[in-house]
Amino acid sequence: MSKKIYDVIIIGAGPAGLSAALYAGRARLSTLLIEKEKDGGQIVITSEVENYPGGVDHESGSTLIARMAKQVEKFGAEKVYDTVTDLKLDGKTKTITCSKATYEGKTVIVATGAAPRPIGCPGEKEFIGKGVSYCATCDAPFFEELEVFVVGGGDSAVEEAMHIAKFARQVTIIHRRDTLKAAKSIQEKAFKHPKLKFMWDTVVTELKGDGMLGSMVVENVKTGEKKEIVAHEDDGTFGVFGFVGLIPHSKLVEGKLNMEYGYIKTDEDMKTNIDGVFAAGDIRVKSLRQVVTAASDGAIAATQAEHYINK
């Protein structure tokens, strides 16, 4: 009995991978979705999703992903939980080697995503979604008239701080140096912003609270002086947004696909430099990393995979 060769193999069951599996399954392509841990990617830790078109009231990241996964199941895509250890992408048949088994496919969609680089202090993990966030577009509205601290000093940190300032009472940028790394044009806007303050030469060393983030300890890297910042008693909490970079999950394809700063380069049809290999979602070079753009990428990748197979 010959080994099954799938039409489409999708690596990663975040919004991009689930969207690709939905479109591929609905197109009656034999589809395999490989996920190493749990469905959803970054969005599953989000307690409330307000900016996904057509989302239900009080939608959370986990409920949105559960509905996506149910749709994928409805249209017949197979799913396995396994860890990919190697990829052979050249040739007409692609080989995906995992810890438990090896799979073959005519096309591959890489949707392994990226993760925010952590601030790196005790308490950070415990307060994700309870005061700690890495996405201003997702979570800034939840901090209406509260105090917010943004950790970082690059373009993203400063631009996102100005976005958060549309909602927050005050935003303080915490940077470990005494000058920002952001472009001069961005810095000029930030220094003129009435709601922005700056805490120089400083790092966050601990986050504390009872259920919700209530205080944080910061340290001056030059003097070693530490102080604890406590939420205003009328607020009960404050926000800490980390913008110290993303970590793309791209080690598997290093040296195999064209990359830029760890992200996979594609064209607008999600095609990589290898025929029959596509990338979708946060793993690819793009300007906006959100659930809605990941879902769009996945739909395009699956549709283009179908075109490739038909040809």
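The values are calculated or read from the model by the stated rules, or taken from the named source; none is laboratory data. Nothing here was measured: the structure is a model prediction, and the numbers come from that model. Cβ sites come from the backbone with ideal geometry, for glycine too, and all protein chains shown count toward neighbours. Remember, those area values only see protein heavy atoms, side chains included, never the ligands or the DNA or RNA. Shrake-Rupley method; radii C 1.70, N 1.55, O 1.52, S 1.80 Å.
For residue 213, the conditions (1) modelled with pLDDT under 95; (2) touching a helix residue (DSSP H, G or I) at 6+ places or on another chain (Cβ under 7 Å); (3) open to solvent by less than 70 Å² (accessible area, probe 1.4 Å) all hold with the exception of (1).
Whenever a residue of region 162-174 is among the aromatic types (Phe, Trp, Tyr), its partners that are open to solvent by 10 Å² or more (accessible area, probe 1.4 Å), lying with C-beta atoms within less than 6 angstrom and at least six residues away or across chains, give the pairs 167/141; 167/143; 167/144. Against the definition (open to solvent by less than 70 Å² (accessible area, probe 1.4 Å), assigned to a loop (DSSP other than H, G, I, E, B) and of a type in the set (Phe, Trp, Tyr)), how does residue 103 come out, yes or no? So residue 103 fails the test. Checking every residue in region 252-260 against the condition of being open to solvent by less than 50 Å² (accessible area, probe 1.4 Å), modelled with pLDDT under 95 and in a loop (DSSP other than H, G, I, E, B) gives zero matches. Please enumerate the residues belonging to region 147-176 that are part of a strand (DSSP E or B) and either of a type in the set (Ser, Thr, Tyr) or touching a helix residue (DSSP H, G or I) at 6+ places or on another chain (Cβ under 6 Å) (or both). Hits for region 147-176 are 148, 150, 171, 172, 173. Answer yes or no as to whether residue 175 is farther than 21 Å from residue 250 by Cα, at pLDDT below 95 and open to solvent by less than 60 Å² (accessible area, probe 1.4 Å). So residue 175 fails the test. Restricting region 2-43 to residues that are of a type in the set (Lys, Arg) and over 21 Å from residue 247 (Cβ atoms) leaves a set whose member that is most open to solvent (accessible area, probe 1.4 Å) is 28. Of everything in region 261-285 that is open to solvent by 40 Å² or more (accessible area, probe 1.4 Å) and in a loop (DSSP other than H, G, I, E, B), the residue that is nearest to residue 105 (Cα to Cα) is 275.
Of the strands (runs of 3 or more DSSP E) lying entirely inside region 200-246, the ones with 2 or more residues being small (Gly, Ala, Ser) are found at 212-220, 239-242.
In the set 28, 67, only one residue is on the phi > 0 side of the Ramachandran plot and modelled with pLDDT of 90 or more; that residue is 28. Restricting 120, 113 to residues that are of a type in the set (Gly, Ala, Ser) and open to solvent by 20 Å² or more (accessible area, probe 1.4 Å) narrows the list to 120.
Yes or no, residue by residue, for (1) more than 30 Å from residue 88 (Cα to Cα); (2) not aliphatic (A, V, I, L, M):
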| position | (1), (2) |
| --- | --- |
| 223 | yes, yes |
| 230 | yes, no |
| 244 | yes, no |
| 266 | no, yes |
| 269 | no, yes |
| 273 | no, yes |
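Annotation: residue 152 fulfils all but one of (1) more than 18 Å from residue 15 (Cβ to Cβ); (2) open to solvent by 10 Å² or more (accessible area, probe 1.4 Å); (3) in contact (Cβ under 8 Å) with a residue 12 or more places away in the chain; the unmet one is (2).
Report, by residue number, each residue of region 38-75 that is under 14 Å from residue 18 (Cβ atoms) and part of a loop (DSSP other than H, G, I, E, B). Across region 38-75, the qualifying residues are 38, 39, 40, 52, 75. Within region 81-95, does at least one residue satisfy the condition of being among the polar types (S, T, N, Q), farther than 20 Å from residue 277 by Cβ, open to solvent by less than 60 Å² (accessible area, probe 1.4 Å) and out of contact with any helix residue (DSSP H, G or I) (no Cβ under 8 Å at 6 or more places or on another chain)? No, because not a single residue in region 81-95 is among the polar types (S, T, N, Q), farther than 20 Å from residue 277 by Cβ, open to solvent by less than 60 Å² (accessible area, probe 1.4 Å) and out of contact with any helix residue (DSSP H, G or I) (no Cβ under 8 Å at 6 or more places or on another chain). Could you say whether any residue in region 47-61 is among the acidic types (Asp, Glu), more than 14 Å from residue 302 (Cβ to Cβ) and free of Cβ contacts under 8 Å to residues at least 24 places away in the same chain? Yes; the residues of region 47-61 include at least one that is among the acidic types (Asp, Glu), more than 14 Å from residue 302 (Cβ to Cβ) and free of Cβ contacts under 8 Å to residues at least 24 places away in the same chain.
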